[in-house]
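The values are calculated or read from the model by the stated rules, or taken from the named source; none is laboratory data. Every value quoted in this text rests on a predicted model; they were computed, and no experiment measured them. Every residue, glycine among them, receives a Cβ derived from its backbone with ideal geometry; neighbour counts consider all protein chains shown. Note: areas computed on protein heavy atoms with side chains; ligands, DNA, RNA excluded. Shrake-Rupley method; radii C 1.70, N 1.55, O 1.52, S 1.80 Å.
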Amino acid sequence: MKAQQDQLVIYNSLKGEKETFKPLIEGHVGMYVCGPTLYSEPHMGNMRTFINFDLIYRYLLHLGFSVKYVRNITDAGHITNSAGQEVDSIGEAAKAAQMQSLEIVYKYAVKFQELQRIYNLLPPSIEPTATQHIQEQIEIIEQIIANGYAYEVNGSVYFDTRRYMQDFHYGILSGRKVDELENETRSLNAQDEKRFFADFALWKKANPNDMQIWRSPWGNGNPGWHIECTAMSTKYLGKQFDIHGGGMDLKFPHHEDEIAQSCGSFGCNPARYWMHANMLNVNGQKMSKSFGNYFLPKQILDGSTGLFEKSYSANVVRFFMMQAHYRSNLDFTQEALNAAEKGYERLIEGLKTLDKVPTSTSSFDVDALVASFYKAMNDDFNAPILVSYLFEAVKQINLVNDGSASISAADQAKLRTAMQAFIHDVLGLQAENNQTETRLAPVMDLVLDLRQQARSNKDWTTSDQIRDGLAKAGIVVKDGKDGTSWS
Ligand code: AMP
Ligand code: ZN
């Protein structure tokens with residue numbers, strides 16, 4: 001796989017272009033992705049970003065890299081809202097629910113874990129939380145102050161953007177120019193503690209309504225949002241690591257400020273490759289809690305989104321997402337979901353047919369086809385192109401099945417291994433029905449044997465109990481002349 005590792009090209013948002021991927025340590029990748037703020041259940045848009053980074057993680061693993069994947073949980077801090085104000089969203093949600101902050105976070109962390117299982121996301125290597133790393137955040141803030149890039153006012157600490165701009169490039173990632181920003185941002189008024197409108201909070205003095213408060217050298221308070229990610233990425237991956245990812249909407253201010261904090265404390269940009277996943281839209285508008293145009297990842301599974309006339313399985317939804325490149329926008333539509341459902345079935349059927357096709361001494365060019373799978377993914381994780389080549393493989397398999405093309409036994413095995421790896425391991429699609437049926441089959445054999453024994457012993461109570469119990473679980477047992485079957 002080393003040869004394939006060397007071919008990997010990544011679009012680096014920092015440079016605005018594709019670059020050959022060269023990790024800091026050969027064969028190893030350190031990747032940090034901004035995780036959810038758990039003040040509510042993640043919506044389908046949030047899931048899209050996490051699914052996209054799961055795809056990236058899976059492909060890096062497939063290439064044989066040893067990957068340390070860190071994805072945090074934001075369970076504290078003041079988040080900048082769309083009006084540019086810093087608000088404690090978790091505290092507000094906790095108050096509304098008459099719960100404590102961490103109770104809210106835990107409630108949604110459990111839901112998030114369940115969603116990850118359902119949508120087949122691999123667990124990251126570690127999921128640190130902000131509240132576990134307050135000390136590390138304080139230490140970095142102290143370092144930034146010591147370096148002259150932050151100032152304390154009345155128990156709060158702000159990043160000194162103007163001072164920073166004398167030595168570094170603020171806007172290096174987002175391309176934002178501070179003078180343009182000034183027009184977009186509300187002007188400073190007398191109550192503002194910040195010296196300059198673009199300064200941002202590293203530490204906020206506690207106010208009487210705060211639900212979570214920590215001690216610091218500047219008095220009681222709580223951390224700003226951006227400093228959390230700097231503390232956690234540095235702790236687990238070092239001052240500089242390979243990949244930093246998140247949704248496109250985090251580029252500014254969150255990621256720009258993470259860069260400023262790392263440069264301001266350690267003198268270097270934390271990540272060599274910045275990756276940004278594009279948004280899930282609804283009718284052209286970003287799916288978002290604040291716009292109210294969101295649905296939950298579970299609603300699409302039980303058909304309760306109110307947008308589509310039927311439900312879809314998690315595999316179909318995931319496959320649908322894989323048909324858009326992670327840097328492209330994606331809109332959920334009924335037609336596209338239906339097409340994905342059919343396409344997914346065709347793919348899984350093609351894989352099954354491959355096992356049954358007659359083999360011969362000659363083959364179509366299987367090596368070229370498998371090489372195209374890698375070529376697609378090596379080109380900045382281009383899953384939609386990979387899917388188009390997988391469909392090309394299905395087309396060839398069907399031709400072999402019809403007798404219009406041929407495949408050797410060795411090539412059949414090679415293609416099967418590659419298709420299974422790309423469909424299941426890389427795209428993260430499960431052979432859902434198969435999998436449940438395969439696991440259920442021996443259990444059903446056992447249950448039906450017990451039922452048969454009960455019937456032989458004329459123990460009708462037990463045999464009826466088994467039949468009724470199965471019916472409740474949606475499994476119908478039929479006794480025919482060829483024996484007992486279930487469905
Ligand atoms: P949050 O919980 O709001 O911090 O968001 C968690 C992740 O979801 C971040 O990486 C966001 O960029 C991402 N995200 C939020 N809204 C969307 C959306 N509509 N489509 C894709 N990703 C999103
Ligand atoms: Zn972050």
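Annotation: of all residues in segment 21-36 being open to solvent by less than 70 Å² (accessible area, probe 1.4 Å) and over 19 Å from Thr234 (Cα atoms), the one that is nearest to ligand 2 (Cβ to nearest atom) is Phe21. Could you tell me whether segment 221-234 includes any residue that is more than 16 Å from ligand 1 (Cβ to nearest atom) and in a strand (DSSP E or B)? Yes, some residue in segment 221-234 is more than 16 Å from ligand 1 (Cβ to nearest atom) and in a strand (DSSP E or B). Looking across Asn52, Asn46, one residue alone is within 18 Å of Asp242 (Cα to Cα), within 10 Å of ligand 1 (Cβ to nearest atom) and either crowded, with 23+ Cβ neighbours inside 10 Å or in contact (Cβ under 8 Å) with a residue 40 or more places away in the chain (or both). It is Asn52.
I want to confirm something. Restricting to segment 326-336 and keeping residues that are among the hydrophobic types (A, V, I, L, M, F, W, C) and modelled with pLDDT under 95, which single residue is surrounded by the fewest Cβ atoms within 10 Å (Cβ to Cβ)? Checking each candidate, the answer is Ala336.
In this structure, is Asn72 within 15 Å of ligand 2 (Cβ to nearest atom) and open to solvent by less than 10 Å² (accessible area, probe 1.4 Å)? Answer is yes for this residue.
For the structure I just gave you, tell me whether Phe252 is of a type in the set (A, V, I, L, M, F, W, C), at negative phi and touching a residue at least 24 places away in the same chain (Cβ under 8 Å). Yes: the conditions hold for Phe252. Within segment 28-43, being within 8 Å of ligand 1 (Cβ to nearest atom), at pLDDT 95 or above and either touching a strand residue (DSSP E or B) at 6+ places or on another chain (Cβ under 6 Å) or not assigned by TED's automatic domain parsing to the domain that holds Trp225 (or both) holds for Val33, Cys34, Gly35.
Condition first: open to solvent by less than 30 Å² (accessible area, probe 1.4 Å), closer than 22 Å to Phe422 by Cα and not assigned by TED's automatic domain parsing to the domain that holds Arg117. Can you find one or more residues in segment 300-309 that meet it? No, segment 300-309 contains no residue that is open to solvent by less than 30 Å² (accessible area, probe 1.4 Å), closer than 22 Å to Phe422 by Cα and not assigned by TED's automatic domain parsing to the domain that holds Arg117. When the test is whether a residue is touching a residue at least 60 places away in the same chain (Cβ under 8 Å), in contact with a helix residue (DSSP H, G or I) (Cβ under 6 Å, 6 or more places away or on another chain) and acidic (Asp, Glu), Glu19 does not pass it.
As for segment 327-347, it holds no residue that is part of a helix (DSSP H, G or I) and either within 19 Å of the chain's Cα centre (by Cα) or within 16 Å of ligand 2 (Cβ to nearest atom) (or both). Please work out which residue is surrounded by the fewest Cβ atoms within 10 Å (Cβ to Cβ), limiting yourself to segment 126-147 and to residues that are within 23 Å of the chain's Cα centre (by Cα) and aliphatic (A, V, I, L, M). Result: Ile126. Reported count of residues in segment 314-335, each being more than 18 Å from Lys298 (Cβ to Cβ) and more than 16 Å from ligand 1 (Cβ to nearest atom), is 2.
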